[in-house]
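Okay, so here's the structure we're looking at.
The values are calculated or read from the model by the stated rules, or taken from the named source; none is laboratory data. Model, not experiment: these values are computed from the prediction. Cβ atoms come from the backbone with ideal geometry, glycine included; neighbour counts cover every protein chain shown. Please note that ligands, DNA and RNA were not included when accessible areas were found on the heavy atoms of the full protein model with its side chains. Shrake-Rupley method; radii C 1.70, N 1.55, O 1.52, S 1.80 Å.
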Amino acid sequence: AAADVVICISQFARGQLMRISAPEHWPKFRVCRLGVDPTQFAFRLREPVTPTRLLCVGRLTPAKCQVLLVQACAKLRDAGHDFRLTLVGAGPDRPRVEAAIAAGTLAERVTLTGALTQAQVRAAFDAADVFVLPSLAEGIPVVLMEAMSSGVPCVSTPVNGIPELIEHGRTGLLAIPGDLDS
C-alpha cells in the first residue's frame, strides 16, 4: 500500500499480485520484462539430424517434471524415434530421475550432467536440436529465453509466465502440464 510502483517480471506475476491486493493499488503494478543478452548466445537455425539431440536445463525437482520427461522419452523410443536427451542440473529429484531412466531402460539415450557452468550451458544450447522444459510451475524461465536466443526450438508447458514467451505453434510448442502423451 505504501509503494509508489511495484515492478512485475511478467503479466502473470502482475495478475497474481492483483489477485491478492485491493483494486486501488493495481495501477502501481508495472510489467518490466526480464531478458537475456543475445550477444552471449550463438543463434543458429537447426537442421533435422538423427539422432535428435534433446536438452533440458534446470534444477532436478518435482516441479520441473524431469521424471515425466524421461517417461515421455521411453514412449518416443518405443514409437521408433531416434534421440538423445541431456539433462543438465542437480537437485533433490536426481534419484527419482535416475530410477525413471533405469525403469525405462534409457541409460544409452539419457545423460545426466549435473550442474554446469554458464559457458558449458551455452555450449549445450549450441549442440541441441530441441530444448524441452516440462515444468509444472515457473515464473519466467531465463533458461527458456537463453534457449530461444540460441535458436533452439523449444517445447514447454503453458504454466505461469511461459505463454508470454512461447506462442504455441508459432514460437515453440506447448504441451499440457503433467500429461505424458502431450
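Among the candidates Arg53, Arg19, Arg96, the residue that is under 26 Å from Met148 (Cα atoms) and among the basic types (Lys, Arg) is uniquely Arg53. Applying the condition of being in a helix (DSSP H, G or I) and either among the hydroxyl-bearing types (Ser, Thr, Tyr) or at pLDDT 95 or above (or both) to the stretch 25-43 and asking which residue is surrounded by the most Cβ atoms within 10 Å (Cβ to Cβ) yields Lys28.
Matching residues to (1) at pLDDT below 95; (2) surrounded by fewer than 13 Cβ atoms within 10 Å (Cβ to Cβ); (3) at negative phi:
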position: Ser10; (1), (2), (3): yes, no, yes
position: Pro23; (1), (2), (3): no, yes, yes
position: Leu45; (1), (2), (3): yes, yes, yes
position: Leu54; (1), (2), (3): no, no, yes
position: Lys64; (1), (2), (3): no, no, yes
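When we screen Ala107, Ala90, Ala99 for residues that are under 17 Å from the mean Cα position of the chain (by Cα), free of Cβ contacts under 8 Å to residues at least 40 places away in the same chain and open to solvent by 40 Å² or more (accessible area, probe 1.4 Å), the only hit is Ala90.
Looking only at residues of the stretch 129-172 that are of a type in the set (D, E, K, R), more than 11 Å from the chain's Cα centre (by Cα) and under 16 Å from Gln11 (Cβ atoms), we find that the one that is modelled with the lowest pLDDT is Glu164.
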